[in-house]
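The block underneath contains the structure these notes are about, expressed in structure tokens.
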Amino acid sequence: MNNRKVVVVGGGVLGSQIAFQAAYQGFDVTFWLRMESSKTRTQPKLNRLKSIYLSSLEALKPYCGTDYPYYPHGLVADLSQTSVADIEAKQAQVEKAYASIVLELDMAKACKDAMIVIEAMAEDFQAKCDIYQKLSQYLEPDTILASNSSTMVPSQFVDHIKRPERYLAMHFANEIWKYNIVEIMGHSHTDPHVFEQAVAFGKEIGMEPICLQKEQPGYVLNSLLVPFLNAALNLYANGIADAPTIDKTWRKATGAPYGPMQILDIVGLQTAYNIARMNPAMKKVADMLKSYIDQGKTGVQAKAGFYSYE
């Protein structure tokens, strides 16, 4: 791709990961943030990602040139063909990426010459509509607009977008440097060439594109994951079992590295709450999650959720 400018709208958990991964793979990355205080909240996430990327690469050095399978594929394409010198070059890429990311409050300036703008805001329908309407003033004719929404589909927003043919969804899994998939989903009017460009972009930033043939709330990943997490939340909210018991049961029975309550802490309780509050049958769960959020216990990023991370 000739134009290398990527704009991320929203500096939350996944927004910061998308931005850092794109910068690591050589794209020019700009955040658009609402206010000065948003910069204060976003910068620590970038600091943390820099540390994670550097330490993850350092840990790979003893395995260079081997078939060791458990490595972050978003950071290294093929460990068996990677040398220690290659790893050190990638660590330099991390430093360069960290230094290059721009935090911008001016939407017009942020969007100028953008190849792709990725909206990574909370799961709030009206807030997304408002942002799309503002973005429509500044997006250039050939800019792709993508949403990282985890549950909503592109056709819900087409009436709020100036060029719906250049709009689609690109949903990234959390910890994208390790779980390097991007689910790509268009709507009935998405230009097929735009879809192909989104696939190409996903590959360029080290992702494995998962191409959906039609719209599906939750895509593939969350169509599987959300019912699983909701089942765990219902067990917890109804006093059936505590978080460690729920997680231990799942880990022991399946060999999975994380249980559902641990996954929820990683995803963030705010995201879980935004989904639960839209379902009347999940009111008890939503109220429970709100009580955690009100205490500042929003997950790993806050160093407290269902578990403490001090």
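Between the amide H of Ser147 and those of Glu119, Leu168, Ala169, Met170, distances stay under 5 Å, these residues lying 5 or more places away or on another chain, with hydrogens modeled in the peptide plane. The stretch 96-151 and the stretch 214-269 have Cα centres separated by 30 Å. Please build a GNM for the chain, connecting alpha carbons under 10 Å apart, and tell me which residue among Asn222, Asn47, Asn274 fluctuates the most. Of Asn222, Asn47, Asn274, the most mobile in the Gaussian network model is Asn47. Rounded to the nearest 20 debye, the dipole magnitude of the chain is 660 debye, with +1 charges on Lys and Arg beta carbons, -1 on Asp and Glu beta carbons, and the Cα centre as origin. Once the C-beta distance of Ala253 and Asp86 is scaled by a Förster radius of 35 Å, the resulting FRET efficiency is 0.35 to the nearest 0.05.
The magnitude of the dipole of the stretch 95-145, with charges of +1 and -1 set on the Cβ of Lys/Arg and Asp/Glu and taken from the Cα centre, is near 100 debye.
Rounded to the nearest angstrom and listed largest first, the equivalent-ellipsoid semi-axes of the chain from its Cα gyration tensor are 29, 26, 19. Note on the stretch 168-310: dipole from Cβ charges, positive end direction compared against Thr254, Phe201, Ile266; the farthest Cα belongs to Thr254. Overall, the stretch 221-302 carries a charge dipole of about 100 debye about its Cα centre when +1 sits on the Cβ of Lys and Arg and -1 on the Cβ of Asp and Glu, all other atoms neutral.
Taking 0.36 nm per residue of separation and subtracting the current Cα-Cα distance, fully stretching the chain between Ala200 and Arg34 would add 56.8 nm. In order along the stretch 128-140, phi translates into HN-Hα couplings of 5, 4, 4, 5, 4, 5, 5, 4, 4, 6, 10, 6, 7 Hz, rounded to whole numbers, per the Karplus curve 6.51 cos²θ - 1.76 cosθ + 1.60 with θ = phi - 60° and x for Gly and Pro.
Each residue, Ala99 and Arg48, gets one label point 7 Å from its Cα in the Cβ direction; the gap between the two is 2.5 nm.
Read-outs throughout are calculated quantities, based only on the coordinates presented, and are distinct from any laboratory measurement. Only a predicted model underlies this, so the values are computations on that prediction, with no experimental measurement involved. Ideal geometry is used to build each Cβ from the backbone, glycine not excepted, and the neighbour counts take in all protein chains shown.
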